Amino acid sequence: MQLVVGRIGRAHGIKGEVTVEVRTDEPELRLGPGAVVATDPAGVGPLTIETGRVHSGRLLLRFAGVADRTAAEALRNTLLIAEIDPEETPEDPDEFYDHQLMDLDVVTVDGTLVGRIAEISHLPSQDLLIVERPDGSEVMIPFVGEIVTEIDLEEQRAVIDPPRGLIDSEEAEVASSRDAGESEEAGESGEAGESGASGEQGSGSEAGQDAAQDAGQGSARGEGDV
């Protein structure tokens, strides 16, 4: 089976190194020196990884035969593809390859069917499960432990505990309108001063952003199928 394990970014320096957007939880195995990877487009590869290092939080690779910045820049946006055994599974039990997740039924913790996993989207901050609902619409589920509480490969299902509004956008709109109404009433009654309300809201917003960042950084989560 072929899995996407990285995407080449811009050239780095003048000696043929490139930045790589890593799409595997096992970069030392898939993208280590000596590894040979296929490519998309296929005509660019296969590529043999000659050296690798981390610089300012980014993975830098140099490929055999790529000796200068011009040659490195020509590889930009090329996908790096590894061959793996279809029976192979990640070492971490909380990580999954894309092909393991495809077509799983998605249900809430109370057993309500949401749909089936149609696609996995790998974003820089976190992974998303693209779930196709019975009516043909789609909903995006962040692949983080707080929301995706269980992956049961034997039962072929993913169990989720979605926050309000994630599945039903109308529910989110109603909740937002109600919150706005309560805020207006509180302001009119003078129960909260502008300074105090602003400070609390700002603090909550920052905490929410921090939590979202932490959740994204801790997300699982496997390599992309071709």
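What order, most packed first, do the peptides 68-76, 105-113 have when packing is the mean number of other Cβ atoms within 10 Å of each residue? Before the final figure, lay out each step's value.
Working: 68-76: 15.6, 105-113: 13.2.
Going from most to least packed, we get 68-76, 105-113.
Which value in nm describes the separation of the simple spin-label points at ARG133 and GLU50, placed 7 Å from the Cα toward the beta carbon?
5.3 nm
Quick one: net charge of VAL109's neighbours, Cβ under 10 Å, K/R +1, D/E -1?
On the way: positive: none; negative: ASP110, GLU150, ASP161.
Cβ neighbours under 10 Å give a net charge of -3.
Between GLU155 and ARG76, what FRET efficiency comes out of the Förster formula 1/(1 + (r/R0)^6) with R0 = 35 Å and r the beta carbon distance, rounded to 0.05?
Working: r = 42 Å, r/R0 = 1.21.
The value I calculate is 0.25.
Quick note: the coordinates plus some simple rules give every number you see, no bench work behind them. Quick caveat: nothing in here was measured; it's all calculated off a predicted structure. All Cβ positions, glycine included, derive from the backbone under ideal geometry; neighbour counts span all protein chains shown.
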